[in-house]
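Report on the structure given below.
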Amino acid sequence: MRTTAAVLWEVGGKWEVGEVDLDPPGPGEVLVELTASGLCHSDEHLVTGQLPVGLPIVGGHEGAGRVTALGENVTEVAVGDPVVLAFLPSCGRCTWCVRGITNLCDDGAGATLGPQLDGTYRFHSGGEDIGQMCLLGTFSRHTVVPVKSVVPIDEGFPLDLAALVGCGVTTGYGSATKTADLRAGDTAVVIGVGGVGANAIQGARIAGCRYIVAVDPVEFKRDKATEFGATHTAVDLNAAWEIVSELTRGRLADAAIITTGVAQGEMVQPALELVGKRGRVVVTALAPHEQETATMSLLDLTVYEKQVKGAMFGSANSQHDIPRLLELHNTGQLKLGELITAEYALEDVNRGYEDMRAGRNIRGLIRY
């Protein structure tokens, strides 16, 4: 079939929107007609080259829609089912999945390389194969994805809101509740208030944190942070330390979560200084692939038992956690619509990323 997609053809280029060819689903795959796709910062890493991928590639890895066709041997979903596309697949059989660590499923190892799990491509243009970001390619009205990346959801849930849970909501929420293991009465610091940071704040709030300090240089984002549950805001890490130190009588935070647009090695030590004994620093933001060093006090790690932890997809189990997050929205605990700062047509995808870079968006949404 023919469909319209936003394709990145070269590092440093623009997303080019045009018609492409899409193959039918193969064994273990489904065709999905998307309702919406979130504009996540990770796709910006493709443009800058900070996340190396095979090009050309259809961008987008945060979306929801309905299944319209099934490949062979697909029994998990039926045509017409509403689904969220999780940006990491889970096979349910590898050693990580059977231990409940489905966010590290072996099938996710090549998610950014371009081809599907069998090494072939579903999108094509002018005789050239086109890859899919995280096996999904949600910057396209129609896409073919592994059934391992599909999470069925209840009929009637707004699919535009459900799209956000395919990446940003789950990543931020899980970074707070799972990776950082925040609990009632804790103090948390969230560094960077974008699509992931806003949901780390929500996770900390729902976990019952006593104090939540949001750090961002952009006033608009600090104001939005309070809407999602931040009790205090700070323009930088030095100001955050003053606030946290006073609030906790010098005991400092239980966890600091780095959710900036781009992680840098020099961020780790200031984040470690924000947490107290047995405090956790969670690095959720992606760093440039060539960055291999981080500055930190090893003495702090030993004598105060501080920890530095990575968070992929918020340490989430997508088949379990995505439906649960939607239920939290249904009960009024998790805000989703409030995350959407602006909506765009697919043809305006580049303007959406300009708004993100300018600090005008918490989450931009492409609506089909």
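The values are calculated or read from the model by the stated rules, or taken from the named source; none is laboratory data. What you see is a predicted model, and the numbers here were worked out from it, not measured in a lab. We place every Cβ from the backbone using ideal geometry, glycine too, and count neighbours over all the protein chains shown. Note: accessible area is taken over every heavy atom of the protein model, side chains too, but ligands, DNA and RNA are not part of it. Shrake-Rupley method; radii C 1.70, N 1.55, O 1.52, S 1.80 Å.
Quote the FRET efficiency, to the nearest 0.05, computed for residue 106 versus residue 249 with a Förster distance R0 of 56 Å and r equal to the Cβ-Cβ distance. Efficiency, rounded to the nearest 0.05: 0.75.
The candidates 351, 66, 99, arranged from most to least accessible area with a 1.4 Å probe in the full protein assembly, appear as 99, 351, 66. Using a Gaussian network model of the chain in which every pair of alpha carbons under 10 angstrom is joined by a spring, one finds that among 195, 100, 208 the greatest mean-square fluctuation is at 100.
Considering the chain, its Cα convex hull presents a mean projected area of 16.9 nm². With N the number of residues in region 318-368, Rg(Cα) / (2.2 N^0.38 Å) evaluates to 1.38. Of the two radii for region 84-207, the radius of gyration is 1.03 times the Kirkwood radius, both from the alpha carbons; that is the Rg over Rh value.
Ligands, DNA and RNA left out, the accessible area of the chain computed with a 1.4 Å probe is 49% carbon and sulfur. Dipole check for the chain: with +1 at the C-beta of Lys and Arg, -1 at the C-beta of Asp and Glu, and the Cα centre as origin, the magnitude is about 1220 Debye. Counting every C-alpha pair in region 25-142, the share spaced more than 16 angstrom apart comes to 63%.
For region 262-334 versus region 182-232, the spacing of their alpha-carbon centroids is 14 Å.
In this model, which of 148/224; 221/306; 224/309 are farther than 31 Å apart at the alpha-carbon? Table pairs above 31 Å Cα-Cα are 148/224. For region 168-284, the solvent-accessible area with a 1.4 angstrom probe is 35 square angstrom per residue.
Per residue, the convex hull spanned by the Cα atoms of region 255-305 measures out at 65 cubic angstrom. Scattering from the C-alpha atoms of region 149-297 alone, worked out with Debye: what is log10 I(q)/I(0) at q = 0.08, 0.19 1/Å? The Debye formula, applied to the Cα set alone, gives -0.21, -1.08.
Each of 127, 113, 208 was placed along the dipole of region 79-218 (beta-carbon charges, centred on the mean Cα), and the one lying farthest toward the positive end is 208.
Helix-only arithmetic for the chain: the sum of -39500 (n - 2.57) across DSSP H runs with n ≥ 4, divided by the residue total, places the mean residue ellipticity at 222 nm at -6500 deg cm²/dmol.
Which value results when the Cα radius of gyration for region 220-368 is divided by 2.2 N^0.38 Å? Relative to the rule-of-thumb radius for its length, region 220-368 sits at 1.21. Hey, quick one: spin label on residue 291, modelled 7 Å out along Cα-Cβ, who in region 245-268 has an amide N within reach, i.e. under 14 Å? Answer for this model: 258-268. One quarter of the convex hull surface built on the alpha carbon atoms of region 98-158 amounts to 5.7 nm², the projected area averaged over directions.
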